[in-house]
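Written below as structure tokens is the structure these notes are about.
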Amino acid sequence: MTLFVTALVTGIGLGAMYGLIALGFQITYSVCSRVNFAQGSMVMLGAVLGFVLTERAGLPVILAYPLALLGCAFMGVVVEFCLVRPFAARGSEAWLMATVAGGILLDNTVLFTFGNEPRSLPSPLVESSWQILGTGVYPQQLLIPAVAIGVAVALQLLFRRTRQGRALLAVVQNPDAARLMGINTSLMISGSFALSAMLAGAAGLLIAPLFSVHSDMGTLFGIKAFAVAILGGMTSASGVMLAGFLYGLVEAFVTTYLGSSHTYILTFALLIAVLAVKPNGLFGKAALRKV
Amino acid sequence: MPICLPLTRRLLLAGAAALTLGYALPAAAQDDPIKIGLVAALSGQSAKSGEAITRGITLALDKINSEGGVLGRPLELVSRDDESNPGKGLIAARELVQREGVAAMIGGLDTPVSLAIVPFANDAKVPFIGPWAAGTPITKNGAEENYVFRVSAVDEFVDEAITEYLVTKYGSKKPGMILINNPWGESNEKGLMIALEKRGMEHAGIEKFESNDVDVVPQLTRLKENGADGLFLVANVAPSAQVVKSLDRMGWDVPVASHWGPSGGRFTELAGPSGEKVHFIQTFLFTDPAHPLFMKLQERFPEIESLADVTPATGIANAYDATLLLAAAIEKAGSTEGPAIRQAMYEISGVEGVIKTYDMPFTPEDQDALGPQDYIFANFVEGEIVPLAD
């Protein structure tokens, strides 16, 4: 029983994290069929900015965290403008490598400026744990799924109910027609990268108190989140979020019941198996090809 | 009658040889420095540890050179950064030996880097002394003529020491292992298994985790459910902190005996106050700011303000003693030739280091100067490493 609850708590907390970062992939992919492979570095940037603004500049959390998220959004726009747009404009797929390189560049810049020592970002929500059914839970671990689900619902509403959301969807369906209808497609694409990086930054701020802040903290998250985004099908926010929870739970249950040496072998083998059966992911639809 | 030598080819050759010798001679003049190479991570995640090694060597060289050097010549340090990369470490070692002509090398912060340099050092017959990396096969490398020595902790001895600690201090009967998933973790898994087998003890499980794992609760819960009454921890600072945080969350209060990983950084900041419960080994600690070597350190490196600025002191002390031992061996050998220095390493005696006085520290069977009796158990108290009372 304890093992089961332990796996459940760990799986939901981490799964929500993966889902939140993966939503960033989903947003830009939906709008322009491209993604920012430096997403893991955006997670790190959120946490590092959060640390620097609170612990070094002494700003209150209520001011520092929104500023950190704005910093991430700005970086997202920079990535799109410098590493994606120039290549996309010439029909090249080199943005793929360019964003990967951008991530490495950012990680190393942080290594030299922020330092190579892992630091700790305090939060009142990890000071004491609640004991539930034989296992401990930090309030922070419940905050992550709450925020993640909230964001997924908000995104769903944004796309379906608001003018800007519909404009985004129009860009998705037919960029040329959207441009003709007076929608600023270039702004929409920039916006989607900003939002995407902000979500990653939020994930970084949420996980940092449970983890430590350092320059390569986001790399593994970025890779797992991309796997989650593919698993979820890349097109629906709720699908990606569900895939995140699923991935986190499988990971936690394998570690708990079979031991950690099996975790990566089994989770990634399962991922390949699922994609072999459902090439568009669990909740994705096959892309329509109109001739 | 003027002596007129016929200009033969032999004479020309002799002349050429004399010329070359003439040019070569000043280069080997008596007060030309003897070069000592350093290969260590001077940038990246382990830069702080590399800095500690550099400081230790620098202080030792200051001492030796102020006393007139070795064989009447000063010692000079030539440093190369290996960036914790085995390939770069090997290239750096080659460059130091072949281009700089170093008499011996000190170095190896990471076990994989050291292991990459070991075969080269043995082939080139250049003594290579480790002040840090603890992997057992570095000194036990199976070479017929072993040029690799170490003044540091050794995994198999550490594993023996932490097992003894859990058993005698906490009466542990069934400890569990929580190890980082890399060659270092693996090396210690073997050592711990041997230490447990020796005592006829069983273990509650061997759990691995990744250096970027956030949550280690599943692994620890497995150990707890299997009845672990003590934990062996092998990991660097940040992953060790994740283990402590996970223990905290579970509310599991269990004795933890650890390798020296936690000593390399801000462990209690990362792990929280429970980090103080982790007991780990060290080879040396500064406990008194009036320690002569600490005062020398402050004098030489004004940025050092308190004892907290020299964690881990282990790196400084190991490198300091390694340099003194090497200098003693060169003096004894009366030469800077590798084979002569190696032979002299087995004969040196009465070398006063900061960790202890070394009398015949090396034998061809055991090229490690420090053993379990030299280890100290310590923990963090308010950010400083302090020795634990017995």
Report yes if some residue within the stretch B:340-355 is closer than 21 Å to B:T136 by Cα and among the basic types (K, R); otherwise report no. yes
Which one of these is surrounded by fewer than 23 Cβ atoms within 10 Å (Cβ to Cβ), at pLDDT 95 or above and in the same structural domain as B:P74 (by TED's automatic domain parsing): B:A344, B:A327? B:A344
Subset of the stretch B:255-275 [modelled with pLDDT of 85 or more, within 27 Å of A:V213 (Cβ to Cβ) and not small (G, A, S)]: B:V256, B:H259, B:W260, B:P262, B:F267, B:T268, B:E269, B:L270, B:P273
Does B:L75 meet the test of being modelled with pLDDT of 95 or more, within 19 Å of the chain's Cα centre (by Cα) and either basic (K, R) or in the same structural domain as B:V351 (by TED's automatic domain parsing) (or both)? no
Residue that is nearest to B:A238 (Cα to Cα) [pool: residues in the stretch A:185-216 that are in contact with a Pro (Cβ under 6 Å, 6 or more places away or on another chain) and within 14 Å of another protein chain (Cβ to nearest Cβ)]: A:S212
So which residues in the stretch B:244-259 are on the phi > 0 side of the Ramachandran plot and under 25 Å from the mean Cα position of the chain (by Cα)? none
Positions within the stretch B:260-289 being within 25 Å of the chain's Cα centre (by Cα), more than 10 Å from every other protein chain (Cβ to nearest Cβ) and small (G, A, S), in sequence order: B:G261, B:S263, B:G275
Regarding A:M17, is this residue within 14 Å of another protein chain (Cβ to nearest Cβ), at pLDDT 95 or above, buried (at least 24 other Cβ atoms within 10 Å of the Cβ) and in a helix (DSSP H, G or I)? no
Could you tell me which residue of the stretch B:285-308 is farthest from B:D374 (Cα to Cα), considering only residues that are among the charged types (D, E, K, R) and surrounded by fewer than 11 Cβ atoms within 10 Å (Cβ to Cβ)? B:E303
Say whether the condition of being among the aliphatic types (A, V, I, L, M), away from chain B (no Cβ under 14 Å) and under 26 Å from A:L106 (Cβ atoms) is met by at least one residue in the stretch A:217-227. yes
How many residues are within 9 Å of another protein chain (Cβ to nearest Cβ) and either in a loop (DSSP other than H, G, I, E, B) or touching a strand residue (DSSP E or B) at 6+ places or on another chain (Cβ under 7 Å) (or both) if we restrict to the stretch B:245-259? 4
For A:E55, indicate whether it is within 14 Å of another protein chain (Cβ to nearest Cβ), assigned to a helix (DSSP H, G or I) and charged (D, E, K, R). yes
Return yes when B:E145 is surrounded by fewer than 21 Cβ atoms within 10 Å (Cβ to Cβ), under 18 Å from B:A322 (Cβ atoms) and outside the structural domain of B:A228 (by TED's automatic domain parsing) and no when it is not. no
Of the numbered conditions (1) in the same structural domain as B:P361 (by TED's automatic domain parsing); (2) at pLDDT 90 or above; (3) among the hydrophobic types (A, V, I, L, M, F, W, C), B:V278 fails exactly one; give the number of that condition. (1)
Failed item in (1) without any contact (Cβ under 8 Å) to a residue 60 or more places away in the chain; (2) within 14 Å of chain B (Cβ to nearest Cβ); (3) not basic (K, R), with A:I132 passing the rest: (1)
I'd like to verify a number: residues in the stretch A:115-127 that are more than 9 Å from chain B (Cβ to nearest Cβ) and out of contact with any helix residue (DSSP H, G or I) (no Cβ under 8 Å at 6 or more places or on another chain), how many? 2
Kindly list, by first and then second residue, each pair from a residue in the stretch B:38-60 that is farther than 14 Å from B:F301 by Cβ to a residue that is acidic (D, E) and assigned to a loop (DSSP other than H, G, I, E, B), limited to pairs with Cβ atoms under 7 Å and residues at least 6 apart or on different chains. B:V39/B:D82; B:A40/B:D82; B:A41/B:D82; B:A41/B:E83; B:A41/B:D110; B:S43/B:E83; B:G44/B:E83; B:S46/B:D110
Checklist (1) more than 14 Å from chain B (Cβ to nearest Cβ); (2) at pLDDT below 95; (3) crowded, with 18+ Cβ neighbours inside 10 Å applied to A:C72, failing item: (2)
Given (1) farther than 30 Å from B:K224 by Cβ; (2) touching a residue at least 40 places away in the same chain (Cβ under 8 Å), index of the condition A:R56 fails: (2)
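The values are calculated or read from the model by the stated rules, or taken from the named source; none is laboratory data. The structure presented is a predicted model; accordingly, all values stated were derived computationally and were not measured. Quick reminder, even Gly has a Cβ in these numbers, built from the backbone with ideal geometry, and neighbours come from all protein chains shown.
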